[in-house]
Amino acid sequence: MDRIRIIGGQRLNGSIPISGAKNATLPLMIASLLTDETLILENVPRLADVIQLQRILGNHGVDITIAGKRSGDDPNSGRTLHISAKHIVDTTAPYELVSKMRASFWVVAPLLARMGEAKVSLPGGCAIGTRPVDFLIMALENLGAEIEIEAGYVVARAKNGLRGAEIKFPKVTVGGTHTALMAAVLAKGTTVIENAAREPEIGDVADCLNKMGANVTGAGTSTIVVEGVGRLHGARHSVLPDRIETGTYAMAVAMTGGDVLLQNARPELLQSALDTLTQAGVTVTPTNEGIRIARNGSGLNAVDVTTEPFPGFPTDLQAQLMALMTKAKGTSRITETIFENRFMHVQELARLGARIHLDGETATIEGVAKLKGAPVMATDLRASVSLVIAGLAAEGETMVNRVYHLDRGFEKVEDKLAACGAAIERISA
Ligand code: EPZ
């Protein structure tokens with residue numbers, strides 16, 4: 001298994017290209033199941049999760065081709081996928097595939113909407129909490145699906161098609177909103193989704209669905225209205241930039257000091273995280289090309305943050321912020337309200353000398369003057385990268401083990417950081 005070796009202490013200077021968003025790419029690829037025509041997705045990141053979803057869609061009969069690079073193409077631009085679900089040959093998503101990635105459960109919605117049936121294994125995914133799918137099932141039932149749980153599988157049927165309905169989520173859920181949206185676009189009549197997630201990735205999927213002929217309004221607000229249509233057609237769509245990757249590198253620069261342009265990043269996708277960095281004493285400058293992050297000389301201030309659904313501070317940047325706060329002046333508090341068990345990085349950060357006290361959903365971090373390198377273990381995707389951030393500022397060598405978690409969601413992390421002066425390398429097993 002690959003490892004990442006970091007020698008801490010180098011400042012970061014230069015520019016880092018931001019890739020297409022993982023959490024938009026996955027539902028966009030899944031949306032291809034809604035039509036028998038080709039969906040062309042541009043700016044797709046090179047990630048293990050994308051390859052895994054390719055396998056899962058392949059099992060349903062979906063053909064995916066990756067367009068080659070042409071001369072003159074930007075070497076940093078993402079891939080272009082041509083996705084064709086002309087013939088769906090199987091409406092079952094088996095345990096062996098779904099258990100590796102939670103988002104793959106979302107295939108239930110387009111399969112049900114287009115084929116009238118789907119049998120999808122209950123999901124697995126990162127070990128960050130119990131992560132049930134009850135709201136997703138409720139949304140499909142509201143739209144007229146009959147659902148049974150059989151031997152670990154959700155079996156959904158709608159022999160006469162789905163019909164528009166009101167869906168009110170008791171709690172904001174990204175996956176629930178994607179599921180409701182993808183099921184409602186082909187339902188008969190009007191669907192109103194209340195307390196919908198407002199994450200930018202929902203807006204990106206809605207934009208793509210509209211290009212495919214759907215009639216979705218209000219995405220990006222907490223009420224989404226969908227007028228069902230008879231069929232969808234092919235389209236071309238470019239994936240929006242990854243706000244979590246953006247925030248992650250912003251925190252890396254904040255941690256080491258230096259000056260880096262995050263190319264293609266869009267500030268409105270992560271304003272609350274940028275405000276937090278500003279409070280911490282980091283200089284954040286939006287430019288025409290992206291966002292410049294700089295910290296020169298001054299130390300880091302401690303901040304108090306609570307994770308919230310968008311537009312609040314994202315849970316997917318909580319671990320990275322915690323790594324940063326280990327070196328702040330004073331005591332910071334981070335409260336995690338989205339996932340109950342998303343603190344696996346705490347004990348690993350402690351191995352580097354961080355002082356963190358956990359009490360229920362709140363971590364209290366007492367800033368220390370120095371971190372010291374050590375071997376650490378990546379436990380989930382965002383936790384892994386928090387260890388990289390800490391390693392960049394720790395004295396001596398930090399070896400991050402089990403980096404396959406990192407490869408699920410960060411494209412070429414060691415190359416992007418090394419290009420800005422970090423002493424970081426991958427050691428292949
Ligand atoms: C999405 O997960 C993201 N995944 C997660 O990113 C992200 O952390 C999360 O949204 C929150 O922003 C993708 O987009 C692929 P939820 P999702 O449904 O949709 C509870 C990463 O690192 N809930 O918004 O699974 C749930 O337990 C990943 O890239 C129910 O109780 O999250 C949680 O407490 C990790 N019942 C809360 O809602 C349900 O049926 C929000 O979860 C569904 C959710």
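Any idea of Ser77's accessible area? Nearest 10 Å², probe 1.4 Å.
Its accessible surface works out to 40 Å², give or take rounding.
Go ahead and estimate [θ] at 222 nm for the chain from helices alone: -39,500 (n - 2.57) per DSSP H run with n ≥ 4, summed, over the residue count, rounded to 500.
Helix contribution divided over all residues of the chain: -8500 deg cm²/dmol.
Step through the table entries Lys22/Lys86; Lys86/Lys168; Lys329/Lys412; Lys69/Lys412; Lys171/Lys329, compare each Cα-Cα distance with 27 Å, and write down the pairs that go over it.
Checking Cα-Cα distances, Lys86/Lys168; Lys329/Lys412; Lys171/Lys329 exceed 27 Å.
Can you sort Arg114, Arg295 by solvent-accessible area, 1.4 Å probe, largest first?
Arg114, Arg295
Once Lys and Arg get +1 and Asp and Glu get -1 on their Cβ, which of Gly247, Leu12, Val346 lies farthest toward the positive end of the dipole of the chain?
Leu12
Over the chain, what is the relative contact order in whole percent, taking alpha-carbon pairs under 8 Å and six or more residues apart?
21
Between Lys188 and Arg70, what length comes free when the chain is fully extended (0.36 nm per residue of separation minus the Cα-Cα distance, one decimal in nm)?
Extending this stretch completely gives an extra 38.2 nm.
Under the Kirkwood approximation applied to all pairs of distinct alpha-carbon atoms, what is the hydrodynamic radius of region 277-398 in Å?
Here the Kirkwood hydrodynamic radius works out to 14.7 Å.
Any chance you could list P(r) for the chain, counting all Cα-Cα pairs in 20 angstrom bins from zero, rounded to whole %?
The calculated distribution, bin by bin, is 27, 56, 17, 0.
Tell me the Rg and the Dmax, in Å, that the Cα atoms of region 22-238 produce.
16.1, 52
How high is the relative contact order of region 22-238, in percent, with contacts defined as C-alpha pairs under 8 Å that are six or more residues apart?
This gives 20 percent for region 22-238.
Rounded, prolate or oblate: which one fits region 181-253, using the alpha carbon gyration tensor with axes a ≥ b ≥ c (rounded when a/c is under 1.5, else prolate when a/b beats b/c, else oblate)?
The shape class here is oblate.
Could you pull the accessible area for Phe105 with a 1.4 Å probe, rounded to 10 Å²?
Roll a 1.4 Å probe over it and Phe105 shows about 0 Å².
With every protein chain in place, what's the accessible area of Val62 (1.4 Å probe, Å², nearest 10)?
Around 10 Å² of this residue is reachable by solvent.
I want to verify a result. In a Gaussian network model of the chain, Cα cutoff 10 Å, which of these has the top mean-square fluctuation: Asp415, Asp316, Asp134?
Fluctuation is largest for Asp134.
Considering only protein heavy atoms and a 1.4 Å probe, what is the carbon-and-sulfur percentage of the accessible area of the chain?
Answer for the chain is 47 percent, counting heavy atoms of protein chains only.
Please work out the average accessible area per residue across the chain, using the 1.4 Å probe convention, and give it in Å².
Ligands and nucleic acids excluded, the figure is 38 Å² per residue.
To the nearest 20 Debye, how big is the dipole of the chain about its Cα centre, given +1 on the beta carbon of each Lys and Arg and -1 on that of each Asp and Glu?
Using only the charged Cβ atoms, the result is roughly 580 debye.
Checking the a/c ratio against 1.5 first, then a/b against b/c, what shape does the Cα gyration tensor give for region 1-137?
oblate
Give me the angle, in degrees from 0 to 90, between the Cα long axis of helix 48-59 and the longest principal axis of the Cα atoms of the chain, rounded to the nearest 10.
Its long axis makes an angle of about 20 degrees.
To make sure I understand the rule: partners must be lysines, Cα under 18 Å from the Cα of Lys188, and not fewer than 8 residues away in the same chain. Which ones qualify?
Leaving aside lysines fewer than 8 places away in the same chain, those within reach of Lys188 are Lys159.
Can you give me the angle between helix 174-184 and the longest principal axis of the chain, using Cα atoms only, in degrees from 0 to 90, rounded to the nearest 10?
Rounded to the nearest ten degrees, it is 20.
The values are calculated or read from the model by the stated rules, or taken from the named source; none is laboratory data. As the structure is a prediction and not an experimental result, all values here were calculated from the model. Using ideal geometry, Cβ is built from the backbone for each residue, glycine included, and neighbour counts are taken over all protein chains shown. The accessibility values were calculated without ligands, DNA or RNA, using every heavy atom of the protein model including side chains. Shrake-Rupley method; radii C 1.70, N 1.55, O 1.52, S 1.80 Å.
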